[in-house]
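The values are calculated or read from the model by the stated rules, or taken from the named source; none is laboratory data. The structure displayed is predicted, hence computed values, not measured ones. Counting neighbours? That spans all protein chains shown, and the Cβs are built from the backbone with ideal geometry, glycine included. The protein model used for the area step is the full one, side chains on, heavy atoms only, and it has no ligands, DNA or RNA in it. Shrake-Rupley method; radii C 1.70, N 1.55, O 1.52, S 1.80 Å.
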Amino acid sequence: KITFPAWLQHRLQSQSCLQLPWGRMGCGQSSEANPQSPTAAKPTESNREEAKPLVSSEATNEEAVVEQPVLVEAAQPLESKSQNKETQKLINKIVNGEDFFLNRWRCVEKPDRAYYTLGPYAQLQLELVEARNLIPSSTSGFDKYWQDEPDAFVKVLVDDTLKYQTKTVNNSRAPKWSQDPPQKFDIIANKTMVRLHVYDSDSSTNSELVDPLGFVEFCVGDMPFDQEIEGWLELRFPANLQGTNLERFAEHCERREESLGIAGKKHRDKKDKGDLETGGAAPEEERDVSKKVKTHVPSSLASRAMKQARIMGSKAASVVTGQAVLPHEDDNVQYNAGEIHVKMKLVQVTQDPVMDSLYAHALTPSYCTYATFVQEEVLPQLDLQELVDDVIDIKIKLLDDICFACYTFVMYILSWRSFVLSGTLLLAILSAAKSGMLAYGILHIWVAVCLLYLSKEDWRNELTTGGLNAPLNQEGYELVAAWDKTNEMFNFLMRIIQARLGEVLSQQDLVHFAGTLVCEVGGKPDVSYDEILKVLHDVWFLDLPHASKLHDAGDLVRVKERRRGEIMKLEGPDGPNQKVTVKFDEKDWDTGEDDMEGIFLKKEVFPRTDIPGIPRALVPKSVKALLATVQYQVNDVKEQVLPILSVLKAFFTWKYPLYMSAVIVFLIARASMSFIGFMDEESWAHFIIAILSGIRNGILGLAVIAALFSQSRGVRIAIGLFNMLKSKISGDPRPAPENWKFFKPVSEPYSTPVVSQS
């Protein structure tokens, strides 16, 4: 006699009517399931009455009656706001999950659906005891002045969904929730995250006028079964609720919240005492401006008066002794949002705890992603000049050096300015009708020739320079004029006018003027660049200031339209060749040189837009925060993108000749094999080409297949089985609370680590 587990018998019932040694499964007979354990979650009364065999004994095969699923009552049910019994019954029917033990194969077969439709495999027993050192919320000047104590309550969220809310304890930074009994919470997935979020209530219902005070998150997958954990959990600042719960939990497991602020304070203390070398970088924790690292606990009027008295005394002492005054660290600074005392235990509630726990590893919990933002207290000072300059830096590297250069190259080919390049490309296209191998060979030769053209600066400038990115000098003027296109010259003239802070009074007249300056393709213009500037100052349709009015010591400029700086002094007689000393704002992104000062000719130095200062008092606080945030984000993009663009430009301008030579050798070798294969169909070249093509097609094919099947059922099953296998091999370690840096034993008092002054 073969004995199948109860869950497999249930699954066989859902498939067909089978003849088994102990009866006909699914035909009115089924074996008795193992009795549930004492801690097992029990089916609801309504479902116990409605449960029927899969197929009635009176029904024929054509009139099968499908068995109703066995639902498990939720530990924290979703309650009807109207408290209507019929509505509540309908809610329970929708929300209550099916028995985990009987449907656990769904965790592998349909993990997404299993997470939302199955009942729990375990329950978390949680008791919220008390909290300490909560920080009062200050939503108004009145609260800050009178030090309003928090009216604290806690929300318990499981996978970012609200499951329970405690009662409110009024006017206490150390509330105790003794009136709240221990609660149970259903756990379906092994990686389920639980968040304890403390709030300050200013309403009777806790539904509005609430301010977050702090939160802490932990993963139940770290908790050992049937073992009580009791202690203090560190609360994080509400502003640090950014990203996903898994990311926040991993970060909090590595270091306590207070360690971020302490590390920053040590760095500041060393810097103030001169122990830190000039230009020394702050620790990584202090530079993470998206995280809040400390806060000030609101104090009463008397406390503030005493603090001001101490500061004034220190200043008076410094005048007498002649020693500098070190910055005062606020006595009321707190480096975390407090701590919360909890008791909790994870208990399994299914018939087969070992296997059900393994199946729970196949589920991926749902979670919410919170936006990352910059904390207001560490935002840079509002500086529109810096914001505009950073945007222009990105524009120069991204648009001028990359996008406009590529556009000009395409137009160069399409305009047939080089018969060799355009003709070779046409030959490759036409040869495709004869032989794909011949076309591939010619195309590889064409790419190699294009890269060789880029090796010489004169050829490179001719290929990639047009009105949108030509240098504003004689060389740039000749390159643009050689295009024999009015629109290219018009773009060039517009850039001259903008660079010299001029204004166009009649755009159509400027278009006609630009058309008179172009010359035959490859020819030389009749007038020089300096003569063009002289004419532009005297035509009626332009208002172009003279250079003598644009340059003075202290003016903001860009050298050769690229590197920004400030004029230190001017030497020699006034004119285009007057020497200008410029102090740069930052390093040269093109060469990487750190030389911060240089001497240039006046005609190479162009004024940059000077944004007038706006009194901060006239700018709304929300606008200042928005602009400062945008400034931070633009600067971050600049620091991330500009180095990549600089490397890309350096590669195509032959700053890395060894790598570029290797690419050209490969292209020529690939083209040679194509030509040999075209001439001799039985040549060895076909074998080499087949290998290279197989590697290329294999990589592309794998990428397409991976994208095509990434959301398929088979892949989800494979991922689920892999997670189960990984858990089985690792032995399902549950190291909590030893791996929780945010955990303290219940006997340990609240204390901020002492900052060493040595």
Requested in this report: Answer yes or no: is there a residue in the range 720-733 that is among the small types (G, A, S), out of contact with any Leu (no Cβ under 8 Å at 6 or more places or on another chain) and closer than 30 Å to W232 by Cα.
Outcome: yes
Report summary line: Of L134, L126, L118, the only residue that is in contact with a Pro (Cβ under 9 Å, 6 or more places away or on another chain), modelled with pLDDT of 90 or more and under 26 Å from H361 (Cα atoms) is L126
Query raised in the report: Which residue pairs have Cβ atoms under 7 Å apart, sit 6 or more places apart or on different chains, and have a first residue in the range 488-512 that is over 11 Å from L536 (Cβ atoms) and a second that is in a loop (DSSP other than H, G, I, E, B) and acidic (D, E)?
Result: A499/E561
Query raised in the report: Of the residues S693, S683, S751, which is under 30 Å from T295 (Cα atoms) and more than 32 Å from the chain's Cα centre (by Cα)?
Result: S751
**Report entry** Among (1) free of Cβ contacts under 8 Å to residues at least 12 places away in the same chain; (2) on the phi > 0 side of the Ramachandran plot, the one test that S661 misses
**Finding:** (2)
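Against the definition (closer than 28 Å to Y529 by Cβ and in contact with a helix residue (DSSP H, G or I) (Cβ under 6 Å, 6 or more places away or on another chain)), how does V580 come out, yes or no? Give the steps one after another, and end with the answer.
Details: closer than 28 Å to Y529 by Cβ: yes; in contact with a helix residue (DSSP H, G or I) (Cβ under 6 Å, 6 or more places away or on another chain): yes.
Criteria met by V580.
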Query raised in the report: Name the residues in the range 101-115 that are touching a residue at least 60 places away in the same chain (Cβ under 8 Å) and under 36 Å from the mean Cα position of the chain (by Cα), would you?
Result: R104, W105, C107, V108, E109, K110, P111, D112, A114, Y115
Query raised in the report: Hey, among the residues in the range 669-684 that are open to solvent by 60 Å² or more (accessible area, probe 1.4 Å) and not aliphatic (A, V, I, L, M), which one's nearest to G441 (Cα to Cα)?
Result: F675
Query raised in the report: So which residues in the range 217-242 are in contact (Cβ under 8 Å) with a residue 60 or more places away in the chain and within 21 Å of the chain's Cα centre (by Cα)?
Result: R236, F237, P238, A239, L241, Q242
**Report entry** Pairs, first touching a residue at least 40 places away in the same chain (Cβ under 8 Å) and within 19 Å of L648 (Cβ to Cβ) in the range 580-599, second of a type in the set (D, E, K, R) and surrounded by 13 or more Cβ atoms within 10 Å (Cβ to Cβ), C-beta under 7 Å, six or more apart
**Finding:** W589/K397
Report task. State which residue is surrounded by the fewest Cβ atoms within 10 Å (Cβ to Cβ) when the search covers only the range 496-506 and only residues that are at pLDDT below 90 and in a helix (DSSP H, G or I). Result -> Q498
Query raised in the report: Taking the range 520-537, which residues are assigned to a loop (DSSP other than H, G, I, E, B) and surrounded by fewer than 17 Cβ atoms within 10 Å (Cβ to Cβ)?
Result: E520, V521, G522, G523, K524, D526, V527, S528, H537
Report summary line: The residue from L463, L493, L472 that alone is open to solvent by less than 40 Å² (accessible area, probe 1.4 Å) and touching a Lys or Arg at 6+ places or on another chain (Cβ under 7 Å) is L472
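How many residues are assigned to a loop (DSSP other than H, G, I, E, B), more than 15 Å from K649 (Cα to Cα) and not small (G, A, S) when one looks only at the range 442-472?
Of the range 442-472, the ones assigned to a loop (DSSP other than H, G, I, E, B) are 454-456, 465-472.
Next cut, more than 15 Å from K649 (Cα to Cα) only: 466-468, 470-472.
With the extra rule that they be not small (G, A, S), the set shrinks to 468, 471-472.
Residues flagged as assigned to a loop (DSSP other than H, G, I, E, B), more than 15 Å from K649 (Cα to Cα) and not small (G, A, S) within the range 442-472 amount to 3.
Quick check, is L479 assigned to a helix (DSSP H, G or I), open to solvent by less than 40 Å² (accessible area, probe 1.4 Å) and more than 21 Å from D400 (Cα to Cα)?
Numbers: assigned to a helix (DSSP H, G or I): yes; open to solvent by less than 40 Å² (accessible area, probe 1.4 Å): yes; more than 21 Å from D400 (Cα to Cα): no.
No; evaluated as a whole, the condition is false for this residue.
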Requested in this report: Scan the range 399-441 for residues that are over 21 Å from V480 (Cβ atoms), in a helix (DSSP H, G or I) and in contact (Cβ under 8 Å) with a residue 40 or more places away in the chain and jot them down.
Outcome: M437, L438, Y440, G441
